[in-house]
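Working notes, beginning with the structure itself.
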Amino acid sequence: MPELPEVETVRRGIAPHLEGARIVRFEARRADLRTKLPSQLAARVTGRRVTAVRRRAKYLLIELAPRSPAGAEVMILHLGMSGRLIVRPIDATPPGKHEHIAFATDRGMEIRFSDPRRFGVLDLVALDALDADPRFAPLGPEPLSREFTPEFLVQTLAGSRTTIKAALLDQHRVAGIGNIYACEALFQAGISPRRLAGTVGQARATRLVAAIKDVLSRAIAAGGSSARDYVQSSGEAGWFQHSWAVYDREGRPCPGCDCGGSVKRVVQAGRSSFYCAARQR
């Protein structure tokens, strides 16, 4: 599933084409994805101007200007497991088999959403109801925000008996981190994914917060990781998978140090964790 860097890369790719543009055509070629599409979605979206394209956790938020009788609304989009959002000039190219959603702007560009597994989500809600939406209200801070500090991390982990790896994947503690980047950040910080979260004190939290911010920033700069289905909005693959230190590197020597260890794989709560037991404590 695309994680924060992939969704942020897509956001940056589509924002210049959407912000300030008017949606002149909207097509939904099926009535549902993972969930049912909103009623009369095409009529509610067509003619609206896009005021902003934002991201919260792993969701894209496309804000639409008010139009009587509707106030400002937000189109919520989640890529799911296999979703792709591609920007292209409007032409006569027929839709692909799995291109379920398409909308065009008055700037001559078209956004096509393909989702072979149909685990994606597209919804439309009032902007002033967004913060209270059950998908967003419980979320923790963004890991690249000023609010995500070592002090916050120590506080949110205090007394926790879960592992630090599971805690990083808990979107109520911090929003947007997934399996790949949790593994990479823990390796960079020298912290075992098996360590109990409640034992992460100030020193380890300081290293971990810095590692999370660095890993995510580098991944965004590289266009994300194209491990399976993900591509950027241009259709190009991301490049950060070539920079993975431990993820999916089981059996290889520990990179970048002389600890003599090798990358191991352990399953935690059904997810694979990759780490070096000699380096990470």
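Values quoted throughout were computed directly from the atomic coordinates according to the rules given, and no laboratory measurement underlies them. Owing to the predicted nature of the structure, the values given are computational and were not obtained by experimental measurement. A quick note on method: Cβ atoms are made from the backbone with ideal geometry, for glycine too, and the neighbour counts reach across all protein chains shown.
Along the stretch 130-144 the Karplus relation, 6.51 cos²θ - 1.76 cosθ + 1.60 evaluated at θ = phi - 60°, assigns HN-Hα couplings of 5, 4, 8, 4, x, 6, 10, 4, x, 5, x, x, 5, x, 9 Hz to successive residues, with x for each Gly and Pro. Between the stretch 138-161 and the stretch 73-99, how far is it from one alpha carbon centroid to the other, in angstrom? A separation of 34 Å, based on Cα centres.
Modelled spin-label separation between Ser272 and Trp239, with each label point placed 7 Å from Cα along the Cα-to-Cβ direction: 2.5 nm.
Lys and Arg at +1, Asp and Glu at -1: add these up for the other residues within a Cβ distance under 11 Å of Ala52 and post the number.
Numbers: positive: Arg11, Arg49, Arg54, Arg55; negative: Glu19, Glu63.
Result for the neighbourhood of Ala52: +2.
Dipole orientation for the stretch 150-276: of the candidates Cys254, Pro193, Ala182, Pro193 has the Cα lying most toward the positive pole (charges on Cβ; Lys, Arg +1; Asp, Glu -1). Spin-label model, Lys213 to Met81: label points 7 Å out along the Cα-to-beta-carbon direction sit 3.6 nm apart.
Tally Lys/Arg at +1 and Asp/Glu at -1 over every other residue whose Cβ is under 10 Å from the Cβ of Gly190; what's the total? Write out the running numbers ahead of the final one.
Working: positive: Arg204, Arg207, Arg279, Arg281; negative: none.
That works out to +4.
Taking amide H atoms as placed 1.01 Å from N in the peptide plane, the amide H of Val24 lies under 5 Å from those of Gly47, Ala104, Thr105, Asp106, each 5 or more residues away in sequence or on another chain.
Computed about the Cα centre, the dipole magnitude for the stretch 4-129 is approximately 180 debye when only Lys and Arg (+1) and Asp and Glu (-1) carry charge, each at its Cβ. The helix-only estimate of mean residue ellipticity at 222 nm for the chain, built from DSSP H runs of length n ≥ 4 each weighted as -39500 (n - 2.57), is -7000 deg cm²/dmol after division by the residue total.
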